[in-house]
1. Quick one: how many residues across the stretch 30-71 are in contact (Cβ under 8 Å) with a residue 24 or more places away in the chain, small (Gly, Ala, Ser) and in a helix (DSSP H, G or I)?
2. Quick check on my filter: what residues within the stretch 16-29 are charged (D, E, K, R) and either surrounded by 14 or more Cβ atoms within 10 Å (Cβ to Cβ) or part of a strand (DSSP E or B) (or both)?
3. When you check LEU78 against the structure, is it more than 21 Å from LEU160 (Cα to Cα), assigned to a helix (DSSP H, G or I), among the hydrophobic types (A, V, I, L, M, F, W, C) and out of contact with any Gly (no Cβ under 8 Å at 6 or more places or on another chain), yes or no?
4. If you take the residues of the stretch 136-155 that are at negative phi and in contact (Cβ under 8 Å) with a residue 40 or more places away in the chain, which of them is surrounded by the fewest Cβ atoms within 10 Å (Cβ to Cβ)?
5. Quick test of your reading of the structure: LEU89 fulfils all but one of (1) surrounded by 14 or more Cβ atoms within 10 Å (Cβ to Cβ); (2) modelled with pLDDT of 95 or more; (3) outside the structural domain of VAL122 (by TED's automatic domain parsing). Name the failing condition by number.
6. Inside the stretch 101-135, can you point out the residues that are crowded, with 22+ Cβ neighbours inside 10 Å, touching a Cys at 6+ places or on another chain (Cβ under 9 Å) and not in a loop (DSSP other than H, G, I, E, B)?
Amino acid sequence: MEKFYKIFKTRWGFAGVIFNRNSIIKFILPMEHKNKIISQIEGKNFSGHLDWLISFCQDIKKFFKGEKVDFIKYKLDLSVYTENEKKVLKNLRKIKYGKTITYKELAEKVGIKNGARFIGNVMAKNRFPLIIPCHRVIKSNGEIGNFGYGKKYKENLLALEKESKY
């Protein structure tokens, strides 16, 4: 299936989405410099009209303005993940805006005994930050844990949700 991409501006910088006509393949969180987004893009630049894509871009912009957004309505291409990884990602997707869960709690929730490390590895492979909110997964001791965009970015995302009026 053909891949497309769209780069768009948010309050936090340039974001990117890679998709096909039916689902999102990858989302790239906003960065200050557009070149950092371009280096991660695959596919053709999209110039057509897809209602769901317009809605998605608007929702991302709303999120970075501090508005509560539920991304559950967007279809994701999870074909690159194992069945256990899909189970983790689908469960994580249900964690509400402004809430957190520990790696251990998420492992227990999906039935993976002593699976905190497995959960961490799945978070590191998450192609859909925000949509599958890996920033909401923290360590059992309350520490923030790692994040592909850096701990400061994760802290800022959690603070944005906490400070939101929603």
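1. Result for the stretch 30-71: 0.
2. LYS26
3. No, not satisfied.
4. By that ranking, first place goes to TYR149.
5. (3)
6. VAL122, MET123 - these are the residues of the stretch 101-135 that are crowded, with 22+ Cβ neighbours inside 10 Å, touching a Cys at 6+ places or on another chain (Cβ under 9 Å) and not in a loop (DSSP other than H, G, I, E, B).
The values are calculated or read from the model by the stated rules, or taken from the named source; none is laboratory data. Just so we're clear, the structure is a prediction, and the values are computed from it rather than from any experiment. Quick reminder, even Gly has a Cβ in these numbers, built from the backbone with ideal geometry, and neighbours come from all protein chains shown.
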